[in-house]
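The values are calculated or read from the model by the stated rules, or taken from the named source; none is laboratory data. In this text, all values refer to a predicted model and were calculated from it rather than measured experimentally. Virtual Cβ from ideal backbone geometry, glycine too; neighbours counted across all protein chains shown. To get the accessible areas, we keep the full protein, side chains included, count just its heavy atoms, and leave off ligands, DNA and RNA. Shrake-Rupley method; radii C 1.70, N 1.55, O 1.52, S 1.80 Å.
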Amino acid sequence: MPLTDHTAVVRRLVVSTKGAPAGETGSGEPVTATAAAVSAVLRAFGRAPEDLPARTAVFVGAARTADGLGAEHEGFPVHTASSPGRALRLAHRGLLAKDVDLALVAGFGEPRADAVTVHAVRRAAEAVADGDRVLGVLDVSDAADTAGTVDTAGTAGTVDIAGTAGTVDIADAPDAHGTPGGPDASPVTRPLRHGGRSTEPGGVRLLLWSGRDEADEARVRGELRPMVDRLFPEAFPVLPTAVPCGRTPGRVRAAAVTTADRAARAVDGARAVVTGRPRPVALLFPGQGSQHAAMAAGLYGREPVFTAAMDAVLDLFGEDGPDVRADWLADGVTRTPKIDIDDVRRAQPLLFAVDYALGSTVLGWGVRPTAFLGHSAGELVAAVFAGVVSLPDAVGMMRERVRHAVRIPPGGMLAVAASEEALRPYLRGDVAIAAVNAGQQTMLAGSSAPLGEVEAALRADGRTVVAVPATSPFHCPAMAPASEAVERAYRGVRLRPPALPLYSGYTGGPLSPEDALRPDFWARQLTDTVYFRPALDELLAADDMLLIEAGPRQTLTAFARRHQAVRLKASAVVPMLPARPGGPAEDRRSVLTAAARLWEEGHDLDLDAVSRLWNWSVAAVPASGDGHAPDPRPLTLA
C-alpha cells in the first residue's frame with residue numbers, strides 16, 4: 001500500500017491527573033470528556049495552540065462528553081466518538097481526505113481509567129518528508145474498522161485534567177500496539193518500513209574525512225587510501241561515510257564523490273580545506289523556465305526524504321498528481337507525456353514538488369538554513385519553509401494559480417542580455433518587464449503577438465534573446481484576470497508572519513509580516529515583476545552566505561555567480577542538480593557534490609541520512625542500471 005495511503009503517529013503521550021481519577025467518577029460512571037480536557041490536549045506536546053498547523057483538529061474518544069464541549073474549541077474543530085478506537089479511525093479518514101493536516105486524538109480511559117492517551121497523527125508521507133520521528137503507522141485494514149456513527153452528544157459531568165498548571169503529568173506513553181477486536185478497539189500501530197537497504201556496487205557515493213590539522217588530515221587520508229585501492233565493488237558502498245580523526249570531525253576536511261573503480265584516484269586528488277566558522281546556508285528555489293524532462297528523477301526511489309516529499313506534494317495535487325508523476329518518471333522512456341513539460345499545468349506542479357523535495361533533503365541532512373529566496377513560483381516553496389503557509393495550503397495555492405493561468409490566452413517569456421532600463425523603449429501592448437535577474441539579464445513577458453514583435457525588434461538591433469520555456473505570460477498585465485480570481489481563493493488561506501527570514505523577489509528584500517499576511521500580495525505574483533537581483537543583494541548584504549540552489553538547471557546559480565559577493569568569494573553558491581539533463585546517475589552525483597561542499601564548509605551532516613543516497617531504495621521500485629528512470633509507481637511500505 002502506498003505511503004500516501006497511511007497515517008503516521010509522530011507523538012504519543014499519556015496525560016493523567018493527580019487527585020480525582022480522570023477515567024471515572026466516584027460512582028463508577030464512564031469517562032467524560034470536557035472542554036478543559038481538550039485545552040490540555042491542544043497543549044500536550046509543548047506547543048501553544050497558535051503554533052499548531054492551521055488545519056489542526058481534535059478527535060475525542062470518550063464514552064461521554066460534557067455539555068460545555070462544542071464542535072469547536074479555541075478555534076479548532078472538535079470531533080467526538082464513543083471510543084478511542086473510533087476516534088483514531090475518524091482521524092485517519094479526515095487526514096486522508098485532506099480535511100485535516102494534524103490530528104490530535106485523545107483516548108479517554110486509555111491505557112487506564114485515570115488517563116488520557118493523546119496521539120499526534122499526520123499523513124505519513126508528509127511526516128517522513130519533514131523528518132518527524134514516526135512511532136508507527138495506523139493499520140485500519142482489519143475487519144474491525146466499522147466506526148459507524150460518530151457520537152457528538154455528551155452528558156453532564158466533569159473531569160478536569162487541565163484546570164491549573166501543575167495538575168497534569170505528561171510522560172511518554174508505553175509503545176504498545178493496539179489489538180483488533182471490534183469497532184471500539186484501537187487500530188494496530190505497525191512499524192514504518194520506508195524502503196530498505198539496497199546498494200549498487202557500480203554507483204557513485206561520497207567519501208568524507210577530516211583531521212585536526214593538515215598533518216592529521218594527511219594521516220587520515222593515508223589510512224583511507226589503501227581501504228579503497230583495489231576494493232571489491234560490492235564492498236565499496238558499505239564503507240563508512242566519514243573516516244574519523246577522533247570523536248568529532250576535524251577542522252581540516254576533504255571529500256570525494258566517486259565510484260569504486262576511481263576511488264583511489266579521487267582520494268589522492270581531493271583538496272583539503274581548512275574550515276572556520278561555516279557560512280550560514282540560504283536555500284534558493286527556481287521557478288518557471290528551469291524545468292526540464294525527468295528533472296531530479298534519479299533521486300526518486302533512491303533518497304528517502306526526497307521520495308516521500310515528492311509523493312506528499314503530488315498526492316496533495318489530487319487527481320492531477322498521478323499523471324504528473326507518471327509523465328515525470330517515464331518521460332521519453334515508456335510513454336509520451338500527456339502534457340508538455342513547458343505547459344504551466346505540468347511545469348509548475350512538478351517544479352514545486354522538486355524544489356520542495358530538494359529543500360527537504362537538505363534539512364534531512366541536519367542542515368538548518370537561516371534564510372530562503374525563491375524566484376517566481378519558487379517563492380511559494382520558500383514560504384512553506386519559512387513558516388508562512390503550510391504545505392497543503394501552498395499546494396492549494398499553486399493549484400489555483402495553474403487553474404486560472406490556463407484560462408489566459410497563450411503567451412511567453414524572453415530572456416534578454418540587457419538591463420531593465422535598456423529594454424523599456426521596446427515595450428508595447430501588454431509586454432512588460434517580467435524579472436530583473438542580474439545586471440544584464442532581464443526577462444520580458446507578454447501575449448504571443450506583441451511579444452513576437454518585441455522579439456523581432458530586439459534581434460534586429462543585435463540583442464541576445466532566448467525564449468524561456470513557458471506557454472503562459474507570467475509577470476505581465478495579461479495575467480490580471482487570473483490574479484484577481486486567485487486573490488479571491490487566497491482569502492481563505494491561513495497565512496502567518498515568516499518564522500525565518502524570507503527574501504521576496506516581489507519586494508526586493510526581506511518579506512515583512514504585513515505583506516506575508518496579505519492574500520493580494522501572493523495573488524499579484526502572477527502579474528508583478530520579479531526583482532530577484534535586488535532581493536539577492538539584500539540577502540548577501542546581511543551576511544556572507546552559502547547559497548544552495550534547490551532546483552533544476554542551475555538558473556539561479558548562474559545569476560548568483562555574477563554577483564560581486566560571490567565573485568569576490570565572500571559568499572558562494574552550490575547547485576543541487578546538473579545544469580543540463582544528464583540521467584539518474586548525474587542527478588545523484590550532483591546532490592552528493594552539494595553535500596560534499598557543505599561538509600567542506602564546516603557544516604556537520606547527518607552521515608546516516610547522507611549515506612542513504614547510495615545504499616537505500618524503495619523495495620517496490622527496482623533500481624535501474626540502464627540509465628532509465630525508475631518505474632512510475634508511488635512509494636510503498638516494505
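Scaled to the compact-protein estimate 2.2 N^0.38 Å, what is the alpha-carbon radius of gyration of segment 302-352, rounded to two decimal places? The value comes to 1.10. With R₀ fixed at 41 Å, the C-beta to C-beta distance from Asp320 to Arg277 puts the FRET efficiency at about 0.35. A crude spin-label estimate for the pair Ala480 and Asp520, with each label 7 Å from Cα along the Cβ direction, gives 1.4 nm. Extension gain for Arg491-Ala113 works out to 131.6 nm (0.36 nm per residue, less the C-alpha to C-alpha distance). Taken per residue, the accessible surface of the chain reaches 39 Å², heavy atoms only and a 1.4 Å probe.
Need one word for segment 354-402: rounded, prolate or oblate. Basis is the Cα gyration tensor (sqrt eigenvalues a ≥ b ≥ c); a/c below 1.5 gives rounded, then a/b vs b/c decides. Prolate, since a/c reaches 1.5 and a/b exceeds b/c.
The calculated 222 nm mean residue ellipticity attributable to helices in the chain amounts to -9500 deg cm²/dmol, summing -39500 (n - 2.57) over DSSP H runs of n ≥ 4 and dividing by all residues.
Could you pull out which residues in segment 400-429 have an amide N less than 20 Å from a spot 7 Å beyond the Cα of Ala579, following the Cα-Cβ vector? Answer for this model: 415-418.
Measuring nothing but protein heavy atoms, the accessible surface of the chain at 1.4 Å probe radius is 51 percent carbon and sulfur.
With the Cα gyration tensor of the chain giving a ≥ b ≥ c as the square roots of its eigenvalues, does the rule (a/c under 1.5 for rounded; else a/b larger than b/c for prolate; else oblate) give rounded, prolate or oblate? Oblate, because a/c is 1.5 or more while a/b does not exceed b/c.
Normalised by the number of residues in the chain, the mean separation of alpha-carbon contacts (under 8 Å, six or more apart) gives a relative contact order of 16 percent.
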